[in-house]
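Notes to accompany the following structure.
The values are calculated or read from the model by the stated rules, or taken from the named source; none is laboratory data. Note that the structure is predicted; figures quoted are calculated from it, not measured. Using ideal geometry, Cβ is built from the backbone for each residue, glycine included, and neighbour counts are taken over all protein chains shown. Note: accessible area is taken over every heavy atom of the protein model, side chains too, but ligands, DNA and RNA are not part of it. Shrake-Rupley method; radii C 1.70, N 1.55, O 1.52, S 1.80 Å.
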Amino acid sequence: MKMLQPQELKQDFHLVEATYLLNHSVGRPLKSTQEALQRSFFAPWQESGREPWGAWLGIIDDFRNALARLFNGRRDDFCPQVNLSSALTKLVMSLERLQGEHCVVLMSEIDFPSMGFALKKALAAGCELRFIPKALDITDANVWDAHLGADVDLVFISHAYSNTGQQAPLAEIVPLAKSRGCLTLIDVAQSAGIVPLDLGALAPDFMIGSSVKWLCSGPGAAYLWVNPGRLDECRPRDVGWFSHENPFEFDIHGFRYHPSALRFWGGTPSILPYAIAANAIGYFAELGSPSLRAHNQALIDLVAAELDEEFVSPRESARRSGTLILDLGERQDKLLQALQQANISVDARSQGIRVSPHIYNDEADMRALLRVIAACR
């Protein structure tokens with residue numbers, strides 16, 4: 001694992017005169033973003049008399065290659081998507097098993113609501129969307145064991161939970177689900193880049209994710225990963241010419257699914273968001289998720305050591321995500337106002353104030369946060 005030097009890496013990002021701890025929402029852009037976008041997206045369009053699609057499609061290859069490096073997967077198993085909801089809908093509607101009567105899908109009540117909305121609409125009539133109650137501890141593999149009945153067809157697992165700072169025990173859930181004949185779908189929206197995930201070792205059935213948060217890529221560059229052992233079962237309905245085995249065949253009577261995960265791609269693709277994301281994900285893949293995780297957890301540990309009942313996210317590193325949650329009770333509004341005045345960027349949800357340090361944050365940022373908290377006691 002590489003030892004990172006945050007003071008040097010700060011220079012790689014656009015940072016303002018503020019303490020930015022909102023990386024669970026939107027990560028800060030790399031300074032190299034504009035140059036990469038100009039070189040890969042605009043230059044082939046502006047500086048050539050030929051159509052730019054050849055160069056533009058190379059951006060998609062770069063994006064998928066970067067994801068493969070980050071997650072220890074294969075490029076051909078990744079497909080670009082506009083967002084997670086769309087990816088989830090396409091996937092569920094492609095699987096015959098999830099379109100039959102009495103299909104059961106299991107998820108947690110604390111999953112991101114959009115995922116529940118998409119599942120309810122994508123599943124066939126007569127299917128059941130079953131929930132692990134929000135009062136239960138989803139970091140405990142025994143909770144998943146108790147709810148993974150023999151009738152569950154698919155389990156939807158968020159690797160990290162945005163409002164609680166918790167991490168699901170994937171290494172225990174995935175083998176358990178496999179042993180019971182249940183499909184596994186991992187959502188890495190809140191974990192990609194900051195909580196290591198090795199697809200080669202874990203081997204779930206499916207994964208969906210985005211690039212806007214810890215991967216600092218902005219919106220629009222989501223992705224779907226399909227285990228190659230499950231690809232033949234996937235028969236997407238939402239298709240277009242880029243879902244075709246040969247998009248440039250142009251035979252309206254002859255559709256054949258692309259032999260890779262690109263069968264989920266669809267019609268004429270967006271390119272620009274993936275130019276940004278290919279550059280940023282490549283940057284973080286080079287640093288390595290384990291190193292990013294170690295830095296993030298060290299900064300969270302600084303806060304955990306100073307606070308008692310206010311620190312309500314998991315204290316055990318194996319159970320927590322890259323986000324810590326603070327519950328100040330009646331003092332929360334006062335603290336939020338004080339943090340705003342101190343130019344420290346955080347936000348609040350149902351469980352409390354969310355704080356997410358990235359590689360461009362350091363001990364001084366966390367000490368500044370703690371000083372404001374102490375002043376509000």
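Numbers for the structure displayed
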| read-out | value |
| --- | --- |
| Stretch gain in nm, segment ALA125-ARG371, where the contour uses 0.36 nm per residue and the Cα spacing is subtracted | 83.2 nm |
| Computed [θ] at 222 nm, helices only, for the chain once each DSSP H run of length n ≥ 4 contributes -39500 (n - 2.57) | -10000 deg cm²/dmol |
| Alpha carbon centroid spacing (whole Å) that separates the stretch 237-293 from the stretch 336-356 | 36 |
| With at most 10 other Cβ atoms within 10 Å, longest stretch of the chain clear of loop GluC sites (Glu not before Pro) (DSSP) | 102-308 |
| Net length gained if the chain between SER179 and LEU15 were fully extended (0.36 nm per residue, minus Cα distance) | 54.3 nm |
| For the chain, the longest site-free run once chymotrypsin sites (Phe, Trp or Tyr not before Pro) in DSSP loop states with at most 15 other Cβ atoms within 10 Å are removed | 1-247 |
| Relative contact order (percent, whole number), the stretch 16-175, Cα cutoff 8 Å, 6+ residue spacing | 17 |
| Carbon/sulfur fraction of accessible area - the chain, other protein chains in place, 1.4 Å, % | 51 |
| Entry for P(r) over Cα pairs in 20 Å bins from 0, in percent (calculated from the structure that is shown) out of (i) 28, 55, 16, 0; (ii) 31, 58, 11, 0; (iii) 26, 44, 26, 4 | (i) |
| Inter-part distance where the stretch 132-177 and the stretch 35-58 are each reduced to a Cα centre, Å | 44 |
| Percentage relative contact order, the chain, counting C-alpha pairs under 8 Å, at least six apart | 24 |
| Low-density loop cleavage sites - trypsin sites (Lys or Arg not before Pro) in the stretch 1-91, where at most 15 other Cβ are within 10 Å (DSSP) | LYS2, LYS31, ARG50 |
| Gaussian network model of the chain, springs between alpha carbon atoms under 10 Å - residue of GLN351, GLN46, GLN99 with greatest fluctuation | GLN46 |
| Unpaired by the 4.7 Å Cβ criterion, cysteines found in the chain | CYS79, CYS182, CYS216, CYS234, CYS376 |
| Calculated FRET efficiency for the pair VAL82/ALA364, C-beta based, R₀ 35 Å, to 0.05 | 0.40 |
